[in-house]
1. Quick check on my filter: what residues within the stretch 505-526 are open to solvent by less than 20 Å² (accessible area, probe 1.4 Å) and either among the polar types (S, T, N, Q) or out of contact with any Lys or Arg (no Cβ under 7 Å at 6 or more places or on another chain) (or both)?
2. Out of curiosity, is residue 552 at pLDDT 95 or above, more than 31 Å from the chain's Cα centre (by Cα) and in a helix (DSSP H, G or I)?
3. For residues in the stretch 162-186 being at pLDDT 85 or above and open to solvent by 60 Å² or more (accessible area, probe 1.4 Å), which is farthest from the chain's Cα centre (by Cα)?
4. Can you work out which of the residues in the stretch 222-234 that are modelled with pLDDT under 85 and farther than 16 Å from residue 201 by Cβ is most open to solvent (accessible area, probe 1.4 Å)?
5. Could you grab me the full set of residues in the stretch 378-425 that are of a type in the set (Phe, Trp, Tyr) and under 23 Å from residue 446 (Cα atoms)?
6. Out of all the residues in the stretch 260-279, which are polar (S, T, N, Q), open to solvent by 40 Å² or more (accessible area, probe 1.4 Å) and not in a helix (DSSP H, G or I)?
7. Taking interchain pairs and intrachain pairs at least six residues apart, which have beta carbon atoms under 8 angstrom, with the first residue in the stretch 118-142 and exposed (fewer than 14 other Cβ atoms within 10 Å of the Cβ) and the second of a type in the set (S, T, N, Q) and at pLDDT 75 or above?
8. Whether any residue in the stretch 92-99 is at pLDDT below 90, open to solvent by less than 20 Å² (accessible area, probe 1.4 Å) and over 30 Å from residue 145 (Cβ atoms) is what I want to check.
Amino acid sequence: MDNFKDNRPTRHKRTLLIIEDDELNREMLCVMLEENYRILQAENGREGLDILQKNYREISLIVLDVQMPEMNGYEFLEVVKGDELLKEVPVIVATGSSRYDEEERCLDLGASDFVKKPYNRHVVQCRISNIIKLRESASTLSEIEFDELTGLYTRQAFYHHADMMLRQNPDVEYRLVISDIENFHAVRNRYGKKVADEMLRKDVQIMLERQVEGAVCGRLSDDQLVTMTWDKRTFDSKTSDDFKVVEIEGPDGITCKLKFGVKNKLDHSIPVREHCQHALMALNIVKHRYGVFVAYFDKAMEERLERQKVIERSMEKALRDEQFLIYYQPKHDAKTGRLIGAEALIRWVHPQYGFMSPGEFIPIFEQSGFISEADLYAWKRTCHNIRRWTNRGLRVVPISVNCSRTGLLQGDFFSKWMEPVRMIQVPTEFLHLEVTESLFAENSDDLSRVLRLCRDNGIKIELDDFGTGYSSLSSLELLPLDTVKFDISFMKRLFYDKTARIMALSVQLAHSLNLQTVAEGIETEEQLEIIRRLGVDAVQGYYYSKPLCEEEFEEYLRKYK
C-alpha cells in the first residue's frame, strides 16, 4: 500500500514509519502526528521492513505494533536487530498489554520505548520527540554509514547494502574481493598515521578505478577494503589480469604490494558477512607469502571451514560426554634421569573425525573462549587422577596444567579452580599452573594478582615458551614464578654456538632468581648432553617419553617408583 499520508511540503519535517495492522489505530496515530511529521504507513511487519530498507536514511523513528499478521513486531525487531544500519532507527512499540515479559522481550530485541493503547496524544508526541532528539544528538546516520577517511561504506553499511543487492538480484552472479596492503602496520609505525592514511587513499583510488558500475565498496578494517561486483568476466579464470601485481608508493621510495582474497559465485542465501569471512580466509593464505598476491576461496577451504563449524558446535557436548582425554608428558631430572613431574595435555577423540590434533581444535577453543572450560576440565581430571594414584600407593609427581588468559581473567577463577582441590583433597604441592608469557601483554597486574593468590595457597607457577616473546626478562622480574620452560625452538638450534651461549646465560639468570628451569623438545642424546652442560634442571620430550594416556602414565609411575 502507499503510504505517504501528508502531501503538503515536507522538506522540514522528519519522517515516521507507522507499522500497525488495525486501520483505525493507524489513522488515529496519523491524525495525532501528521501536523509535525511526514508519515509512512505499513499494515504488517513485512511491508514495514520493505519500506524501512528502502527509506532508512529518511526515517527518524518507527512506531511498531506487536500483534500483526504475516510478520509480527517481535519478528520485525529480530530482523532489524541483525542489520547494523536498520537497528540505528529507534523503535517505539505500541501495545495494549501490560505484561512485563512482553516489554522485556521487546527491549531485548532493541526497542527504545513503549506507548500504551488507547493512545494519549500528549504522551505519544512527547516520547517520539524526546527519542528523536536523543538519537540525533548522539550521532548522525552518515557517521555510521560512511568511513570518514576513505569515503567508502563502513563495514556495517557495506554488509547492509551488499545484502540488499544479493536479495534484489537473485539471478545475478557476484564476486567479493578483499584487498590488503602488505606491511601496512609497519609503515604506519615507522612513518606515522598521516603517511599510512595517504597510502590507504591511494588503495581506494586503485580499487575504484578497477570497478564496474554498480559495485558496492567498503572499508572492512584498518587497511582492508572490500568490494562486491557483478563483473562476470573473472568467474571462469584464476589468472585474471585483475590481480596482477599492484604496488602503492610510499615515502623514501618504499612500495607496498596489494594482496587479494577472492570469493566467486556468491550464494545469495548466505549473509555477506559470511562471504567476507571466506574471502579473508583466502587472503590469510597469501598475506605473508612472497611473490603470491591472490588466493581464491575454494572447496578445500570450504571443507576446512565446515570442519571448524562442526568442532564449534560439538565442543560443549564433548565436554559433557567426556570425549576429551588427558595425556601426561613426563619431566625428568636432566642429570639423574629421575622422574620429577609431568605436563597435562588435552586430546580429543571426536565422534566424527576421530583422534584430533590439538593444533586443530585448541586455536578454535581459544578464539571462542571455550579454552577456559577445557583447561578447567583438565585440572579437575588431574585432581582425580592424583588422588587415585595416591590411594594406590604410587609415588606421585607434580603435574602442570595449562591455564588460558580467558580463564585467569574470570572473576571467580580462584574459587572455581580450588574447589576440586579441596573436594578431592589433593595436596597443592602436586599441582602447578602453566601460563605463557603472551598472556601478560595486557591486564598484567590483574593476572599477576590471581597467580600470587594461587602461589600463596601452595600452587607453583610455570612460565611456558620462555624466550619466544619480546619481554621475557621483564616477565621474570614482574611475575610470581617458580619455573621457566625454554621453548622447543631453542632445542632446534642448540648446535649453534650463539644459541647455546644465550641459553646458558638465561639459565644462570633464572637460577639467580631462584627459578627452576625446564627444556622442552629433548629428542636425542646429543641434545640432552648439551642441556646438562648448560645447567638446565629438567627435561621434557620424546627422548624419555611421548605423551601418555592416564593408564599408561600410571604404569610409568610404577616403573619409576
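1. Matches in the stretch 505-526: 507, 510, 515, 517, 519, 521, 522.
2. Working: at pLDDT 95 or above: yes; more than 31 Å from the chain's Cα centre (by Cα): yes; in a helix (DSSP H, G or I): yes.
Spelling it out, residue 552 is indeed at pLDDT 95 or above, more than 31 Å from the chain's Cα centre (by Cα) and in a helix (DSSP H, G or I).
3. 171
4. 233
5. 379, 413, 414, 417
6. 269
7. Note: pairs meeting the criteria are 136/60.
8. Taking every residue of the stretch 92-99 in turn, at least one turns out to be at pLDDT below 90, open to solvent by less than 20 Å² (accessible area, probe 1.4 Å) and over 30 Å from residue 145 (Cβ atoms).
The values are calculated or read from the model by the stated rules, or taken from the named source; none is laboratory data. None of the values given here were measured: they were computed from a predicted structure. Here Cβ is always computed from backbone atoms with ideal geometry, including for glycine, and neighbour counts include all displayed protein chains. Remember, those area values only see protein heavy atoms, side chains included, never the ligands or the DNA or RNA. Shrake-Rupley method; radii C 1.70, N 1.55, O 1.52, S 1.80 Å.
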